[in-house]
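The values are calculated or read from the model by the stated rules, or taken from the named source; none is laboratory data. The structure displayed is predicted, hence computed values, not measured ones. We place every Cβ from the backbone using ideal geometry, glycine too, and count neighbours over all the protein chains shown.
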Amino acid sequence: MKIAPSILAADFCHLEDQMKLLEQSNISMLHIDVMDGNFVPNITFGPDQIKMLRQRSKLIFDVHLMVQNPDWIIPIVAEAGADIITIHQEATTHLHRSLQLIKKNNTRAGVVLNPATPIETIKHVLDEIDMILLMTVNPGYGGQSFISSVLPKIQEAKKLVEGRNIDIEVDGGINLETAQLCVESGANVIVAGSYTFHGDVKENLEQLTRVINKQGATA
């Protein structure tokens, strides 16, 4: 079980300090949202910001591209320091080709599905991916409410990847209750933004770690 705090929800006035808090809390992965203002109605990090973060952190960078036609930015983000690049099934015409491009740039590859996108849409690219990211909110903004109808899709994803070394990640509306539900359903990577960074970061992560590890042991 892994927690990937979403840097989008961090206090940007104290970003380096908050990054250190993550490392002190034994966090190994950082979730970084790249939004283009086209595929989603918001604009966030770009390659330059990822490069600056890379200079200050040894965390695994899990870069989520909310970008229409992402092929042009994949090599740039990989060079900037991404360890994992996930792209939306809905954002690219040639998903298989885009995943191969990620791998060509020596980066692990993942596919993201919006809440309304069926899991069956990626069954023919399983050989190309290391992660499935299931959105539990509609992408574009932090702080949204969890969409519980995605839980059965997490269960479907777990069945789909049975026997394969593919992570199932969830992102959106995560708190102690919804994290437990996601782990029960089969997720093993939990993205937590607002929950992590609002209040005492270390205490929040300790509580979340206890919940997902306890639930993971019984799942």
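Name the one entry in ALA91, ALA82 that is over 16 Å from THR107 (Cβ atoms) and touching a strand residue (DSSP E or B) at 6+ places or on another chain (Cβ under 8 Å). Break it down into steps so the answer makes sense when it comes.
Details: ALA82 fails: over 16 Å from THR107 (Cβ atoms).
Going through ALA91, ALA82 in turn, just one is over 16 Å from THR107 (Cβ atoms) and touching a strand residue (DSSP E or B) at 6+ places or on another chain (Cβ under 8 Å): ALA91.
How many of the residues in the stretch 53-69 are in a loop (DSSP other than H, G, I, E, B) and either in contact (Cβ under 8 Å) with a residue 40 or more places away in the chain or not basic (Lys, Arg) (or both)?
To start, the set of residues in the stretch 53-69 that are in a loop (DSSP other than H, G, I, E, B) comprises 55-59, 67-69.
Checking which are either in contact (Cβ under 8 Å) with a residue 40 or more places away in the chain or not basic (Lys, Arg) (or both) leaves us with 55-57, 59, 67-69.
Number of matching residues: 7.
Results for (1) buried (at least 22 other Cβ atoms within 10 Å of the Cβ); (2) in a helix (DSSP H, G or I); (3) of a type in the set (Ser, Thr, Tyr), shown as yes or no for each residue.
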| residue | (1), (2), (3) |
| --- | --- |
| ASP71 | no, yes, no |
| PRO75 | no, yes, no |
| ALA82 | yes, no, no |
| LEU101 | no, yes, no |
| VAL150 | yes, yes, no |
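Could you go through the stretch 103-115 and let me know if any residue there is out of contact with any helix residue (DSSP H, G or I) (no Cβ under 8 Å at 6 or more places or on another chain), surrounded by fewer than 16 Cβ atoms within 10 Å (Cβ to Cβ) and of a type outside the set (A, V, I, L, M, F, W, C).
So far as the stretch 103-115 goes, yes, one or more of its residues are out of contact with any helix residue (DSSP H, G or I) (no Cβ under 8 Å at 6 or more places or on another chain), surrounded by fewer than 16 Cβ atoms within 10 Å (Cβ to Cβ) and of a type outside the set (A, V, I, L, M, F, W, C).
Looking for whichever is surrounded by 17 or more Cβ atoms within 10 Å (Cβ to Cβ) and more than 18 Å from the chain's Cα centre (by Cα) here; the options are LEU21, LEU30, LEU8, LEU53. Which one fits? Reasoning before the result, please.
On the way: LEU30 fails: more than 18 Å from the chain's Cα centre (by Cα); LEU8 fails: more than 18 Å from the chain's Cα centre (by Cα); LEU53 fails: more than 18 Å from the chain's Cα centre (by Cα).
That would be LEU21, the only listed residue that is surrounded by 17 or more Cβ atoms within 10 Å (Cβ to Cβ) and more than 18 Å from the chain's Cα centre (by Cα).
Quick check on this structure: which one of LYS159, LYS214 is over 23 Å from LEU101 (Cβ atoms), more than 18 Å from the chain's Cα centre (by Cα), of a type in the set (D, E, K, R) and modelled with pLDDT under 95? Spell out the reasoning first.
Numbers: LYS159 fails: modelled with pLDDT under 95.
Of the residues listed, the single one that is over 23 Å from LEU101 (Cβ atoms), more than 18 Å from the chain's Cα centre (by Cα), of a type in the set (D, E, K, R) and modelled with pLDDT under 95 is LYS214.
Among all residue pairs at least 6 apart or on different chains, which show Cβ distances below 8 Å where the first residue, located in the stretch 25-44, is within 27 Å of LEU205 (Cα to Cα) and the second is basic (Lys, Arg) and in a strand (DSSP E or B)?
Here the result reads SER28/LYS2; MET29/LYS2, each pair linking the stretch 25-44 to a residue that is basic (Lys, Arg) and in a strand (DSSP E or B).
Kindly indicate which of ALA219, ALA116 is at pLDDT below 95 and more than 17 Å from the chain's Cα centre (by Cα).
Values: ALA116 fails: at pLDDT below 95.
The match here is ALA219.
Could you please tell me which pairs satisfy a Cβ distance under 9 Å, a separation of 6+ or placement on different chains, a first residue in the stretch 133-156 that is in contact (Cβ under 8 Å) with a residue 40 or more places away in the chain, and a second residue that is assigned to a helix (DSSP H, G or I) and of a type in the set (Ser, Thr, Tyr)?
THR136/SER148; THR136/THR178; GLY142/SER194; GLY143/SER194; LYS153/SER185
Return the pairs, sorted by first residue and then second, in which the second residue is of a type in the set (S, T, N, Q) and buried (at least 22 other Cβ atoms within 10 Å of the Cβ), the first residue lies in the stretch 161-178 and is in a loop (DSSP other than H, G, I, E, B), the beta carbons are less than 7 Å apart, and the residues are 6+ apart or on different chains.
GLY172/THR136; GLY173/THR136
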